[in-house]
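One structure is given here, and the rest of the page talks about it.
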Amino acid sequence: MDFLDKLVLPQSLEHIALLHYLATIILFLFVPFISLVLGGSILSLYFKRKGKSDENGFYTKFSKEVIELTTFTKGAGVALGSIPLLALILIYAQILHNLKLVTISFFVAAFILITIGLIFIYTYRYSWVFKSLFSSVKIEERETEYSTFANNVARVNRKSSLWGIIFLLIGSYFFIGGINLTLNPSDWDATGILYLFTSFSVFVKWIHFLTAALSLTGAFLLFIYFFWEGGKGIEDSGYKEFIKKTGLSVTLFFALFQPLFLLINLVALPSLALSSSVFGFAVISLFAVFWVFHLLYAMLKNSELHYSGMVFLLLVIASLTLIISEQASFRNVTKKQAILLSAEYDVTLKALKGEPIGIAEISGADIFNGKCSACHKFDQKLVGPPYKETLPKYKGDVEKVAAYVLNPTKINPAYPPMPNQGLKPAEAKAIAKYILEEVKKY
Ligand code: HEC
(Lines give C-alpha, C1' and ligand atoms only; values in the text may rest on other atoms or scores of the structure.)
Protein backbone atom coordinates (compact mmCIF):
# COMPACT_ATOMS: atom_id res chain seq x y z
CA MET A 1 0.00 0.00 0.00
CA ASP A 2 2.72 2.44 -1.02
CA PHE A 3 0.25 5.03 -2.24
CA LEU A 4 -1.21 5.38 1.26
CA ASP A 5 2.27 5.81 2.66
CA LYS A 6 2.86 8.69 0.26
CA LEU A 7 -0.44 10.23 1.22
CA VAL A 8 0.29 10.60 4.92
CA LEU A 9 2.51 13.16 6.59
CA PRO A 10 4.69 12.56 9.62
CA GLN A 11 2.95 13.77 12.77
CA SER A 12 3.95 15.34 16.04
CA LEU A 13 3.87 13.19 19.18
CA GLU A 14 0.66 14.90 20.29
CA HIS A 15 -1.04 14.06 17.01
CA ILE A 16 0.07 10.46 17.17
CA ALA A 17 -1.42 10.20 20.67
CA LEU A 18 -4.65 11.63 19.27
CA LEU A 19 -4.65 9.06 16.48
CA HIS A 20 -4.44 6.28 19.07
CA TYR A 21 -7.49 7.69 20.86
CA LEU A 22 -9.37 7.91 17.58
CA ALA A 23 -8.50 4.32 16.72
CA THR A 24 -9.78 3.21 20.13
CA ILE A 25 -13.10 5.02 19.67
CA ILE A 26 -13.58 3.56 16.19
CA LEU A 27 -12.84 0.06 17.47
CA PHE A 28 -15.47 0.66 20.19
CA LEU A 29 -18.06 0.99 17.41
CA PHE A 30 -16.73 -1.55 14.96
CA VAL A 31 -15.87 -4.55 17.14
CA PRO A 32 -19.18 -4.90 19.04
CA PHE A 33 -21.16 -4.29 15.84
CA ILE A 34 -19.33 -6.82 13.71
CA SER A 35 -19.49 -9.28 16.64
CA LEU A 36 -23.27 -9.00 16.76
CA VAL A 37 -23.70 -9.31 12.99
CA LEU A 38 -21.43 -12.33 12.80
CA GLY A 39 -22.84 -13.97 15.95
CA GLY A 40 -26.40 -13.23 14.81
CA SER A 41 -25.80 -14.67 11.32
CA ILE A 42 -24.30 -17.85 12.68
CA LEU A 43 -27.14 -18.38 15.16
CA SER A 44 -29.74 -17.51 12.53
CA LEU A 45 -28.31 -19.95 10.00
CA TYR A 46 -27.98 -22.67 12.64
CA PHE A 47 -31.60 -22.36 13.76
CA LYS A 48 -32.91 -22.02 10.21
CA ARG A 49 -31.36 -25.40 9.38
CA LYS A 50 -32.64 -26.87 12.59
CA GLY A 51 -36.08 -25.44 11.82
CA LYS A 52 -36.51 -27.76 8.82
CA SER A 53 -37.33 -30.68 11.08
CA ASP A 54 -39.09 -28.69 13.75
CA GLU A 55 -42.78 -29.01 14.51
CA ASN A 56 -43.75 -25.98 16.56
CA GLY A 57 -41.92 -23.49 14.32
CA PHE A 58 -39.85 -21.96 17.16
CA TYR A 59 -36.55 -22.44 15.39
CA THR A 60 -37.57 -20.77 12.15
CA LYS A 61 -39.26 -17.91 13.97
CA PHE A 62 -36.19 -17.41 16.15
CA SER A 63 -33.85 -17.59 13.14
CA LYS A 64 -35.71 -14.75 11.45
CA GLU A 65 -35.93 -12.61 14.58
CA VAL A 66 -32.26 -13.06 15.46
CA ILE A 67 -31.00 -11.73 12.15
CA GLU A 68 -33.42 -8.80 12.29
CA LEU A 69 -32.33 -7.84 15.78
CA THR A 70 -28.57 -8.19 15.36
CA THR A 71 -28.31 -6.30 12.08
CA PHE A 72 -30.31 -3.25 13.28
CA THR A 73 -30.97 -1.35 10.03
CA LYS A 74 -29.35 -1.39 6.60
CA GLY A 75 -27.59 1.89 7.38
CA ALA A 76 -25.87 0.31 10.37
CA GLY A 77 -23.88 -2.00 8.10
CA VAL A 78 -22.29 0.96 6.35
CA ALA A 79 -22.02 3.29 9.35
CA LEU A 80 -20.70 0.75 11.87
CA GLY A 81 -19.15 -1.88 9.57
CA SER A 82 -17.52 -0.47 6.45
CA ILE A 83 -16.80 3.18 7.25
CA PRO A 84 -15.00 2.50 10.55
CA LEU A 85 -12.73 0.05 8.73
CA LEU A 86 -11.85 2.69 6.13
CA ALA A 87 -11.06 5.18 8.90
CA LEU A 88 -8.88 2.60 10.67
CA ILE A 89 -6.91 2.00 7.47
CA LEU A 90 -6.06 5.71 7.31
CA ILE A 91 -5.20 5.98 11.00
CA TYR A 92 -2.97 2.92 10.99
CA ALA A 93 -1.29 4.13 7.79
CA GLN A 94 -0.35 7.30 9.69
CA ILE A 95 0.88 5.58 12.83
CA LEU A 96 2.82 2.93 10.92
CA HIS A 97 4.14 5.37 8.30
CA ASN A 98 7.54 4.23 6.90
CA LEU A 99 7.45 0.89 8.72
CA LYS A 100 6.01 -0.86 5.65
CA LEU A 101 3.98 -3.37 7.64
CA VAL A 102 1.61 -5.65 5.69
CA THR A 103 -0.99 -4.68 8.29
CA ILE A 104 -2.34 -2.00 5.97
CA SER A 105 -2.79 -4.49 3.11
CA PHE A 106 -4.52 -6.90 5.51
CA PHE A 107 -6.87 -4.12 6.60
CA VAL A 108 -7.70 -3.27 2.99
CA ALA A 109 -8.45 -6.95 2.29
CA ALA A 110 -10.56 -7.06 5.49
CA PHE A 111 -12.46 -3.98 4.35
CA ILE A 112 -13.33 -5.56 0.99
CA LEU A 113 -14.22 -8.99 2.41
CA ILE A 114 -16.27 -7.64 5.31
CA THR A 115 -18.15 -5.23 3.06
CA ILE A 116 -19.07 -8.09 0.71
CA GLY A 117 -20.02 -10.20 3.72
CA LEU A 118 -22.28 -7.45 5.04
CA ILE A 119 -24.00 -7.13 1.65
CA PHE A 120 -24.77 -10.87 1.74
CA ILE A 121 -26.00 -10.71 5.32
CA TYR A 122 -28.31 -7.77 4.68
CA THR A 123 -29.61 -9.52 1.55
CA TYR A 124 -30.32 -12.51 3.75
CA ARG A 125 -32.08 -10.36 6.31
CA TYR A 126 -34.36 -8.73 3.76
CA SER A 127 -35.00 -11.97 1.87
CA TRP A 128 -36.77 -13.17 5.00
CA VAL A 129 -39.37 -10.48 4.53
CA PHE A 130 -40.19 -11.70 1.01
CA LYS A 131 -39.97 -15.30 2.02
CA SER A 132 -42.60 -14.88 4.73
CA LEU A 133 -44.70 -12.84 2.33
CA PHE A 134 -44.70 -15.62 -0.26
CA SER A 135 -45.26 -18.43 2.15
CA SER A 136 -48.37 -16.67 3.45
CA VAL A 137 -49.97 -17.09 0.02
CA LYS A 138 -51.81 -20.37 -0.46
CA ILE A 139 -50.39 -22.89 -2.92
CA GLU A 140 -53.46 -23.01 -5.21
CA GLU A 141 -53.36 -19.29 -5.71
CA ARG A 142 -49.77 -19.34 -6.94
CA GLU A 143 -49.16 -18.72 -10.61
CA THR A 144 -46.18 -20.50 -12.14
CA GLU A 145 -44.27 -17.28 -12.71
CA TYR A 146 -45.00 -16.29 -9.21
CA SER A 147 -43.73 -19.53 -7.80
CA THR A 148 -40.42 -19.35 -9.69
CA PHE A 149 -39.98 -15.93 -8.14
CA ALA A 150 -40.78 -17.34 -4.73
CA ASN A 151 -38.28 -20.10 -5.33
CA ASN A 152 -35.64 -17.58 -6.26
CA VAL A 153 -36.21 -15.69 -3.06
CA ALA A 154 -35.98 -18.91 -1.09
CA ARG A 155 -32.68 -19.70 -2.82
CA VAL A 156 -31.27 -16.25 -2.09
CA ASN A 157 -32.33 -16.69 1.51
CA ARG A 158 -30.60 -20.06 1.67
CA LYS A 159 -27.35 -19.09 -0.01
CA SER A 160 -26.77 -15.54 1.18
CA SER A 161 -26.46 -16.33 4.88
CA LEU A 162 -23.79 -18.96 4.31
CA TRP A 163 -21.78 -16.75 1.93
CA GLY A 164 -22.14 -13.79 4.23
CA ILE A 165 -20.76 -15.77 7.15
CA ILE A 166 -17.86 -17.12 5.08
CA PHE A 167 -16.84 -13.62 3.94
CA LEU A 168 -17.15 -12.18 7.45
CA LEU A 169 -15.06 -15.00 8.89
CA ILE A 170 -12.25 -14.55 6.36
CA GLY A 171 -12.47 -10.76 6.59
CA SER A 172 -12.19 -10.84 10.36
CA TYR A 173 -9.21 -13.18 10.07
CA PHE A 174 -7.37 -10.61 7.95
CA PHE A 175 -8.35 -7.84 10.33
CA ILE A 176 -7.14 -9.69 13.40
CA GLY A 177 -3.97 -10.72 11.55
CA GLY A 178 -3.27 -7.05 10.86
CA ILE A 179 -3.83 -6.06 14.49
CA ASN A 180 -1.74 -8.95 15.76
CA LEU A 181 1.18 -8.04 13.51
CA THR A 182 1.34 -4.50 14.90
CA LEU A 183 1.83 -5.94 18.40
CA ASN A 184 4.75 -8.21 17.48
CA PRO A 185 7.80 -6.29 16.23
CA SER A 186 9.71 -9.55 15.74
CA ASP A 187 7.32 -10.33 12.85
CA TRP A 188 7.44 -6.88 11.28
CA ASP A 189 9.43 -8.11 8.31
CA ALA A 190 6.52 -10.39 7.33
CA THR A 191 5.67 -9.55 3.74
CA GLY A 192 2.62 -11.50 2.77
CA ILE A 193 -0.37 -13.60 3.44
CA LEU A 194 1.79 -16.48 4.68
CA TYR A 195 2.08 -14.69 8.02
CA LEU A 196 -1.65 -15.20 8.60
CA PHE A 197 -1.33 -18.95 8.34
CA THR A 198 1.95 -19.45 10.11
CA SER A 199 1.30 -17.29 13.15
CA PHE A 200 -0.35 -19.28 15.88
CA SER A 201 -1.25 -16.15 17.82
CA VAL A 202 -3.40 -14.86 14.95
CA PHE A 203 -5.40 -18.08 15.01
CA VAL A 204 -5.85 -17.98 18.79
CA LYS A 205 -6.91 -14.32 18.69
CA TRP A 206 -9.43 -15.10 15.97
CA ILE A 207 -10.99 -17.96 17.93
CA HIS A 208 -11.05 -15.63 20.92
CA PHE A 209 -12.92 -13.08 18.81
CA LEU A 210 -15.44 -15.66 17.57
CA THR A 211 -16.26 -17.00 21.01
CA ALA A 212 -16.53 -13.47 22.43
CA ALA A 213 -18.79 -12.50 19.52
CA LEU A 214 -21.14 -15.43 20.12
CA SER A 215 -21.26 -14.80 23.85
CA LEU A 216 -22.00 -11.11 23.29
CA THR A 217 -24.72 -12.01 20.78
CA GLY A 218 -26.38 -14.38 23.25
CA ALA A 219 -26.34 -11.67 25.92
CA PHE A 220 -27.63 -9.10 23.45
CA LEU A 221 -30.62 -11.33 22.60
CA LEU A 222 -31.45 -11.90 26.26
CA PHE A 223 -31.17 -8.17 26.77
CA ILE A 224 -33.54 -7.34 23.88
CA TYR A 225 -36.09 -10.06 24.66
CA PHE A 226 -36.22 -9.66 28.41
CA PHE A 227 -34.91 -6.24 29.45
CA TRP A 228 -34.89 -3.47 26.86
CA GLU A 229 -38.02 -1.34 27.21
CA GLY A 230 -39.44 -3.91 29.59
CA GLY A 231 -38.74 -6.85 27.29
CA LYS A 232 -40.68 -8.10 24.30
CA GLY A 233 -43.53 -9.55 26.34
CA ILE A 234 -43.60 -12.87 24.48
CA GLU A 235 -47.07 -14.40 24.78
CA ASP A 236 -46.23 -17.99 23.98
CA SER A 237 -44.67 -19.36 27.15
CA GLY A 238 -43.07 -22.28 25.29
CA TYR A 239 -41.32 -19.86 22.94
CA LYS A 240 -40.27 -17.68 25.85
CA GLU A 241 -38.75 -20.66 27.63
CA PHE A 242 -36.96 -21.67 24.41
CA ILE A 243 -35.41 -18.20 23.98
CA LYS A 244 -34.37 -18.07 27.60
CA LYS A 245 -32.71 -21.46 27.42
CA THR A 246 -31.00 -20.80 24.10
CA GLY A 247 -29.83 -17.29 25.03
CA LEU A 248 -28.46 -18.37 28.39
CA SER A 249 -26.63 -21.42 27.09
CA VAL A 250 -25.04 -19.57 24.16
CA THR A 251 -23.92 -16.69 26.41
CA LEU A 252 -22.59 -18.94 29.13
CA PHE A 253 -20.92 -21.54 26.93
CA PHE A 254 -18.93 -19.02 24.91
CA ALA A 255 -18.20 -16.78 27.90
CA LEU A 256 -16.47 -19.71 29.58
CA PHE A 257 -13.64 -19.49 27.02
CA GLN A 258 -12.92 -15.81 27.69
CA PRO A 259 -10.62 -15.92 30.75
CA LEU A 260 -8.43 -18.57 29.15
CA PHE A 261 -8.03 -16.71 25.85
CA LEU A 262 -7.42 -13.46 27.64
CA LEU A 263 -4.53 -15.00 29.57
CA ILE A 264 -3.06 -16.70 26.50
CA ASN A 265 -3.09 -13.39 24.63
CA LEU A 266 -1.40 -11.56 27.50
CA VAL A 267 1.33 -14.17 27.79
CA ALA A 268 1.92 -14.04 24.03
CA LEU A 269 2.64 -10.29 24.09
CA PRO A 270 6.31 -9.32 23.73
CA SER A 271 7.76 -7.64 26.83
CA LEU A 272 8.05 -4.38 24.91
CA ALA A 273 4.25 -4.26 24.68
CA LEU A 274 3.60 -4.64 28.39
CA SER A 275 2.76 -1.84 30.79
CA SER A 276 0.56 -1.27 33.79
CA SER A 277 -2.37 -0.08 31.69
CA VAL A 278 -2.16 -3.17 29.49
CA PHE A 279 -2.51 -5.34 32.61
CA GLY A 280 -4.93 -3.01 34.40
CA PHE A 281 -7.54 -3.02 31.65
CA ALA A 282 -7.13 -6.75 31.04
CA VAL A 283 -7.86 -7.33 34.73
CA ILE A 284 -11.00 -5.16 34.56
CA SER A 285 -12.12 -7.20 31.56
CA LEU A 286 -11.51 -10.44 33.42
CA PHE A 287 -13.39 -9.14 36.43
CA ALA A 288 -16.40 -8.22 34.25
CA VAL A 289 -16.47 -11.73 32.77
CA PHE A 290 -16.43 -13.36 36.22
CA TRP A 291 -19.27 -11.13 37.30
CA VAL A 292 -21.16 -12.28 34.21
CA PHE A 293 -20.70 -15.91 35.30
CA HIS A 294 -22.19 -15.04 38.65
CA LEU A 295 -25.24 -13.32 37.14
CA LEU A 296 -25.81 -16.06 34.56
CA TYR A 297 -25.83 -18.58 37.35
CA ALA A 298 -28.53 -16.59 39.14
CA MET A 299 -30.51 -16.41 35.90
CA LEU A 300 -30.28 -20.15 35.35
CA LYS A 301 -31.11 -20.99 38.90
CA ASN A 302 -33.84 -18.51 39.80
CA SER A 303 -34.97 -17.22 36.43
CA GLU A 304 -33.79 -13.71 37.35
CA LEU A 305 -34.29 -12.47 33.82
CA HIS A 306 -33.90 -8.80 34.72
CA TYR A 307 -30.16 -9.47 35.12
CA SER A 308 -29.96 -9.70 31.33
CA GLY A 309 -29.41 -5.92 31.11
CA MET A 310 -26.42 -6.13 33.44
CA VAL A 311 -24.98 -9.20 31.71
CA PHE A 312 -25.02 -7.47 28.35
CA LEU A 313 -23.53 -4.29 29.80
CA LEU A 314 -20.74 -6.22 31.53
CA LEU A 315 -19.85 -8.12 28.37
CA VAL A 316 -19.71 -4.84 26.45
CA ILE A 317 -17.42 -3.45 29.16
CA ALA A 318 -15.29 -6.60 28.95
CA SER A 319 -14.87 -6.07 25.18
CA LEU A 320 -14.15 -2.34 25.44
CA THR A 321 -11.54 -2.75 28.19
CA LEU A 322 -9.83 -5.44 26.12
CA ILE A 323 -9.72 -3.01 23.21
CA ILE A 324 -8.15 -0.34 25.45
CA SER A 325 -5.61 -2.86 26.74
CA GLU A 326 -4.76 -3.89 23.18
CA GLN A 327 -4.36 -0.29 22.05
CA ALA A 328 -2.11 0.39 25.04
CA SER A 329 0.21 -2.41 23.92
CA PHE A 330 0.09 -1.03 20.39
CA ARG A 331 1.22 2.36 21.73
CA ASN A 332 3.99 0.72 23.72
CA VAL A 333 5.50 -1.18 20.80
CA THR A 334 5.31 1.82 18.47
CA LYS A 335 6.80 4.30 20.95
CA LYS A 336 10.14 4.43 19.18
CA GLN A 337 8.39 4.71 15.82
CA ALA A 338 6.35 7.66 17.17
CA ILE A 339 9.52 9.45 18.28
CA LEU A 340 11.12 8.92 14.86
CA LEU A 341 8.00 10.19 13.11
CA SER A 342 7.84 13.30 15.24
CA ALA A 343 11.53 13.98 14.51
CA GLU A 344 10.63 13.79 10.84
CA TYR A 345 7.71 16.08 11.53
CA ASP A 346 10.03 18.68 13.11
CA VAL A 347 12.15 18.62 9.98
CA THR A 348 9.12 18.92 7.67
CA LEU A 349 7.77 21.80 9.70
CA LYS A 350 11.10 23.62 9.57
CA ALA A 351 11.27 23.11 5.82
CA LEU A 352 7.77 24.53 5.47
CA LYS A 353 8.70 27.58 7.50
CA GLY A 354 11.86 28.02 5.46
CA GLU A 355 14.13 27.52 8.48
CA PRO A 356 17.44 25.73 8.07
CA ILE A 357 17.03 22.00 8.40
CA GLY A 358 19.16 19.82 10.61
CA ILE A 359 20.17 19.69 14.20
CA ALA A 360 23.51 21.43 13.88
CA GLU A 361 22.08 24.72 15.08
CA ILE A 362 20.82 23.17 18.31
CA SER A 363 23.76 23.43 20.64
CA GLY A 364 24.48 20.31 22.64
CA ALA A 365 26.63 22.33 25.01
CA ASP A 366 23.73 24.66 25.82
CA ILE A 367 21.43 21.76 26.58
CA PHE A 368 24.06 20.12 28.74
CA ASN A 369 24.57 23.27 30.79
CA GLY A 370 20.87 23.97 31.03
CA LYS A 371 19.43 20.52 31.62
CA CYS A 372 22.01 17.91 32.51
CA SER A 373 24.91 19.49 34.40
CA ALA A 374 22.92 19.68 37.63
CA CYS A 375 23.08 15.90 37.85
CA HIS A 376 25.90 14.84 35.58
CA LYS A 377 29.60 15.43 35.20
CA PHE A 378 31.79 13.61 32.77
CA ASP A 379 34.22 12.23 35.34
CA GLN A 380 32.48 12.56 38.69
CA LYS A 381 29.47 11.14 40.35
CA LEU A 382 26.75 13.74 41.13
CA VAL A 383 23.08 12.78 41.37
CA GLY A 384 23.62 10.68 38.28
CA PRO A 385 26.58 8.53 37.27
CA PRO A 386 29.60 10.08 35.48
CA TYR A 387 29.27 9.89 31.70
CA LYS A 388 32.75 8.38 31.58
CA GLU A 389 31.31 5.24 33.12
CA THR A 390 27.95 5.00 31.39
CA LEU A 391 28.61 6.13 27.84
CA PRO A 392 31.24 3.60 26.67
CA LYS A 393 28.58 0.86 26.51
CA TYR A 394 26.75 2.84 23.82
CA LYS A 395 29.81 2.57 21.53
CA GLY A 396 29.20 5.99 19.98
CA ASP A 397 25.59 5.21 18.93
CA VAL A 398 23.91 8.64 18.94
CA GLU A 399 20.42 7.23 18.29
CA LYS A 400 20.64 4.89 21.26
CA VAL A 401 21.77 7.57 23.71
CA ALA A 402 19.08 9.93 22.34
CA ALA A 403 16.46 7.23 22.80
CA TYR A 404 17.55 6.77 26.45
CA VAL A 405 17.42 10.51 27.13
CA LEU A 406 13.92 10.74 25.60
CA ASN A 407 12.71 7.82 27.60
CA PRO A 408 15.01 7.12 30.61
CA THR A 409 14.56 3.71 32.20
CA LYS A 410 15.86 2.33 35.47
CA ILE A 411 19.33 0.89 34.97
CA ASN A 412 21.71 1.06 37.89
CA PRO A 413 20.29 0.14 41.31
CA ALA A 414 22.93 2.33 42.97
CA TYR A 415 21.23 5.45 41.58
CA PRO A 416 17.74 6.87 41.70
CA PRO A 417 15.84 6.78 38.38
CA MET A 418 16.59 9.61 35.98
CA PRO A 419 13.64 11.95 35.46
CA ASN A 420 12.53 12.57 31.88
CA GLN A 421 13.96 15.92 30.73
CA GLY A 422 11.17 16.59 28.23
CA LEU A 423 13.49 17.19 25.28
CA LYS A 424 12.41 17.28 21.64
CA PRO A 425 13.78 14.39 19.56
CA ALA A 426 16.11 16.74 17.66
CA GLU A 427 17.44 18.15 20.95
CA ALA A 428 18.02 14.67 22.32
CA LYS A 429 20.06 13.85 19.25
CA ALA A 430 22.11 17.02 19.65
CA ILE A 431 22.88 16.41 23.33
CA ALA A 432 23.68 12.76 22.63
CA LYS A 433 26.13 13.79 19.92
CA TYR A 434 27.67 16.37 22.23
CA ILE A 435 28.27 14.12 25.23
CA LEU A 436 29.55 11.26 23.08
CA GLU A 437 32.05 13.67 21.55
CA GLU A 438 33.04 15.31 24.85
CA VAL A 439 33.46 12.08 26.79
CA LYS A 440 36.38 11.15 24.55
CA LYS A 441 38.43 13.86 26.33
CA TYR A 442 38.22 12.04 29.66
C1 HEC B 1 17.64 15.14 38.19
C2 HEC B 1 18.89 14.51 37.86
C3 HEC B 1 19.21 14.21 36.42
C4 HEC B 1 19.18 15.06 35.33
C5 HEC B 1 18.72 16.51 35.30
C6 HEC B 1 19.68 14.30 34.23
N7 HEC B 1 19.99 13.03 34.60
FE8 HEC B 1 20.81 11.60 33.44
N9 HEC B 1 20.79 10.31 35.01
C10 HEC B 1 20.35 10.61 36.27
C11 HEC B 1 20.40 9.44 37.10
C12 HEC B 1 20.00 9.33 38.56
C13 HEC B 1 20.90 8.39 36.27
C14 HEC B 1 21.09 6.93 36.63
C15 HEC B 1 19.82 6.20 36.28
C16 HEC B 1 19.92 4.71 36.42
O17 HEC B 1 21.01 4.13 36.30
O18 HEC B 1 18.85 4.12 36.57
C19 HEC B 1 21.13 8.98 34.97
C20 HEC B 1 21.64 8.30 33.88
C21 HEC B 1 21.95 8.88 32.68
C22 HEC B 1 22.64 8.21 31.59
C23 HEC B 1 23.18 6.80 31.63
C24 HEC B 1 22.20 5.78 31.18
C25 HEC B 1 22.81 4.38 31.21
O26 HEC B 1 22.66 3.72 30.18
O27 HEC B 1 23.36 3.97 32.22
C28 HEC B 1 22.75 9.10 30.56
C29 HEC B 1 23.37 8.86 29.21
C30 HEC B 1 22.13 10.32 31.01
N31 HEC B 1 21.65 10.15 32.29
C32 HEC B 1 22.03 11.46 30.25
C33 HEC B 1 21.43 12.62 30.68
C34 HEC B 1 21.28 13.80 29.86
C35 HEC B 1 21.77 13.92 28.41
C36 HEC B 1 20.66 14.73 30.60
C37 HEC B 1 20.26 16.13 30.21
C38 HEC B 1 19.40 16.24 29.09
C39 HEC B 1 20.43 14.15 31.91
N40 HEC B 1 20.89 12.87 31.91
C41 HEC B 1 19.79 14.82 32.94
C42 HEC B 1 19.93 11.84 36.74
C43 HEC B 1 19.74 12.94 35.95
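The values are calculated or read from the model by the stated rules, or taken from the named source; none is laboratory data. Computed from a prediction, not measured in an experiment: that's the story for all the values here. As a convention, Cβ positions derive from the backbone with ideal geometry for all residues, glycine included, and neighbour counts pool all protein chains shown. Heads up: the accessible areas ignore ligands, DNA and RNA and are worked out on the full protein's heavy atoms, side chains in. Shrake-Rupley method; radii C 1.70, N 1.55, O 1.52, S 1.80 Å.
The figures follow:
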item: Protein-only accessible surface order, largest first, of Arg49, Arg331 at 1.4 Å; result: Arg49, Arg331
item: Selected from Ser160, Ala255, Ile284, residue furthest toward positive end of dipole (segment 2-339; charges at beta carbon); result: Ser160
item: In degrees, nearest ten, helix 103-135 long axis to first principal axis of the chain (Cα); result: 10 degrees
item: Förster-model FRET efficiency, 56 Å R0, Leu352 and Asn152, C-beta, rounded to 0.05; result: 0.40
item: Charge dipole (the chain, unit charges on Cβ, about Cα centre) - positive-most of Ser127, Phe149, Ala273; result: Ala273
item: Value of [θ]222 nm, deg cm²/dmol, for the chain, DSSP H segments ≥ 4, -39500 (n - 2.57) each, nearest 500; result: -23500 deg cm²/dmol
item: Segment 211-217 - phi-based ³J(HN,Hα) in whole Hz, Karplus 6.51/-1.76/1.60, Gly and Pro as x; result: 5, 5, 5, 5, 5, 4, 5
item: Protection proxy ranking, peptides 183-189, 35-41, 98-104, average beta carbon neighbours within 10 Å, highest first; result: 35-41, 98-104, 183-189
item: Å² per residue, accessible surface of segment 2-339 at 1.4 Å; result: 47 Å²
item: Angle in degrees between helix 144-183 and the longest Cα principal axis of the chain, rounded to the nearest 10; result: 20 degrees
item: Shape box of the chain [Cα atoms, principal axes, largest first, Å]; result: 103, 50, 38
item: Rounded percent of accessible protein surface that carbon and sulfur make up, the chain, 1.4 Å probe; result: 66 percent
item: The chain, relative contact order in percent, only Cα pairs under 8 angstrom and at least six apart counted; result: 16 percent
item: Accessible area expressed per residue, segment 340-442, with surrounding protein chains retained (probe 1.4 Å, Å²); result: 61 Å²
item: Per-peptide average of other Cβ atoms within 10 Å, ordering 63-70, 277-284, 150-157 highest first; result: 63-70, 277-284, 150-157
item: 0 to 90° range, to nearest 10: angle between helix 258-268 axis and the chain longest Cα axis; result: 30 degrees
item: Options Tyr394, Val405, Pro425, ranked by Cα towards positive dipole end of segment 358-441, top entry (Cβ charges); result: Tyr394
item: Simple Cβ-charge dipole of segment 2-339, Lys/Arg +1 and Asp/Glu -1, about Cα centre, in debye nearest 20; result: 320 debye
